[in-house]
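Below is one structure, written out as structure tokens, with a few remarks after it.
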There are 2 protein chains.
Amino acid sequence: MTISMYQASVPSLIRALNNLAAILEKGAAHAEAKQIDPVVLTNSRLYPDMFPLVQQVQIASDIARKGAARLAGLEAPKLEDDETTFAQLIDRLHKTTAYMETLTPEQIEGSEEKSITLPVGKDTMTFEGLPYLLYFILPNVYFHVTTAYDILRHCGVELGKSDYLGKP
Amino acid sequence: MTISMYQASVPSLIRALNNLAAILEKGAAHAEAKQIDPVVLTNSRLYPDMFPLVQQVQIASDIARKGAARLAGLEAPKLEDDETTFAQLIDRLHKTTAYMETLTPEQIEGSEEKSITLPVGKDTMTFEGLPYLLYFILPNVYFHVTTAYDILRHCGVELGKSDYLGKP
């Protein structure tokens, strides 16, 4: 018995982004309860040359959306990077997961050895599908979801591991 | 074509922990260069009720080691949680990956539907092998590796995404 490229990609990514949306809901509720301007939280970062929360969410959306699309041989819809509020960031995540739900197992099956070239900064990188999924898409999406969580925790938002992992 | 439970688990986990060991090496070098007591860094945390760096590393090791062992139907070797220095934490990661390298594809293949029960706090959780890997082991290990990275970045250690993702 084996698992498929679809099983190992789309459901995990949708779940991670849904959990991130719920984490952002808690951030918004915290700002309201404490009468903090929410933009203070969405602009927060852990170090001056790290990305703020807004970009952590945008990048998590991009890597998941574009990654799954590349495995399927498609081009992902472009999203403007113009969000500033919690509501806008949550909406971006909903648009992202709605797109990913349109991808079918048949489109992604068999992409293990598909050659995938993507821009990384000023360079391009080329992967086969399986290492692209396991060593680039998944760790990268979890990196940005975790860092978004860490930024909000560092700002005092009450979150726990179960918010990050989601319901079993 | 499909992928195996072994392919989707052990190599990704070993890679994540090797990257974490390299991140800790940079933390140790930073402490030495800046004449900071390294224990200040290993005890750092992002918020008072979050775990410090030491425990982030211990937990990443535990979830990877015990998770892979459970998929294989084995019991992972116990490690004492007594590390305080960078060198000791790096040694723990080396012991962890050395154990995981003893696991063979044959031991883990076919564990997709294996019933796995594990202690989580005071409770137990039961998973099938595939959701245990995709929705518990992988996101959890990436969570603790990323948070270790975020703690050191927050303390001023110069790290970049490529330290976290490792060499392609």
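The values are calculated or read from the model by the stated rules, or taken from the named source; none is laboratory data. Every value quoted in this text rests on a predicted model; they were computed, and no experiment measured them. Cβ atoms come from the backbone with ideal geometry, glycine included; neighbour counts cover every protein chain shown. Heavy atoms of the whole protein, side chains included, go into the accessibility calculation; ligands, DNA and RNA do not. Shrake-Rupley method; radii C 1.70, N 1.55, O 1.52, S 1.80 Å.
For segment B:78-88, what does the Karplus curve 6.51 cos²θ - 1.76 cosθ + 1.60, with θ = phi - 60°, yield as ³J(HN,Hα) per residue in whole Hz, taken in order and with x for Gly and Pro?
Calculated HN-Hα couplings, in order: 7, 10, 5, 8, 10, 6, 10, 10, 4, 4, 5 Hz.
Using the heavy atoms of the protein chains and a 1.4 angstrom probe, tell me the accessible area per residue for the protein assembly as shown in square angstrom.
Solvent-accessible surface per residue comes out at 44 Å².
A 21 angstrom limit on the alpha carbon distance is what I want to check against. Which of A:Lys95/A:Lys122; B:Lys78/B:Lys161; B:Lys26/B:Lys167 exceed it?
The answer is A:Lys95/A:Lys122; B:Lys78/B:Lys161.
Calculate, for B:Tyr47 and A:Thr2, the FRET efficiency according to 1/(1 + (r/R0)^6) with r their C-beta to C-beta distance and R0 35 Å; round to the nearest 0.05.
Taking R0 as 35 Å, the efficiency between B:Tyr47 and A:Thr2 is 0.25.
Set the Förster radius R0 to 41 Å, insert the Cβ-Cβ distance between B:Lys167 and B:Glu75 as r into 1/(1 + (r/R0)^6), and round the FRET efficiency to 0.05.
0.80
Using a label point 7 angstrom from Cα along Cα-to-C-beta, what distances in nm, from shortest up, separate B:Ala98 from the other copies?
Label point to label point, same position, other copies: 5.4 nm.
Could you give the dipole magnitude of segment A:70-168 about its Cα centre, charging the beta-carbon of Lys and Arg +1 and that of Asp and Glu -1, in debye to the nearest 20?
Taking the Cα centre of segment A:70-168 as origin, the dipole is about 200 debye.
Find the all-direction average of the projected area of the Cα convex hull for segment A:59-168, expressing the result in square nanometres with one decimal place.
Computed as one quarter of the Cα hull surface, the answer is 8.2 nm².
Which whole-number percent of Cα pairs in segment A:44-88 have a distance greater than 18 Å?
39
Taking the Cα centre as origin and putting +1 on Lys and Arg beta-carbons and -1 on Asp and Glu beta-carbons, what dipole magnitude results for the protein assembly as shown, to the nearest 20 debye?
Here the protein assembly as shown has a charge dipole of around 160 debye.
Once phi is turned into ³J(HN,Hα) by the Karplus curve 6.51 cos²θ - 1.76 cosθ + 1.60 with θ = phi - 60°, what whole-Hz value does each residue of segment A:98-104 show in order, with x for glycine and proline?
Once θ is set to phi - 60°, the couplings for segment A:98-104 become 4, 5, 5, 5, 7, 6, 9 Hz.
Suppose R0 equals 35 Å. What FRET efficiency, 1/(1 + (r/R0)^6) with r the Cβ-Cβ distance, do B:Leu118 and A:Glu109 give to the nearest 0.05?
It comes to 0.70.
What number do you get for the protein assembly as shown when its Cα radius of gyration is normalised by 2.2 N^0.38 Å, N = residues?
Expressed relative to 2.2 N^0.38 Å, the Cα Rg reads 0.96.
Can you give me the Cα centroid spacing of segment A:22-38 and segment A:114-164 in angstrom?
When both Cα centres are located, 24 Å separates them.
With 10 Å bins from zero, work out the P(r) of segment A:1-102 over every alpha carbon pair and list the percent per bin.
The percentages, shortest bin first, are 15, 43, 28, 11, 2, 0.
To one decimal in nm, how far is A:Thr126 from the same spot in the other copies, if labels go 7 Å from Cα toward Cβ? Please give the shortest first.
Those label-point separations list as 5.0 nm.
Name the residues of segment A:131-157 whose amide N is less than 16 Å from a point 7 angstrom out from the Cα of A:Ile36 along the C-beta direction?
A:147-157, by backbone N distance to the label point.
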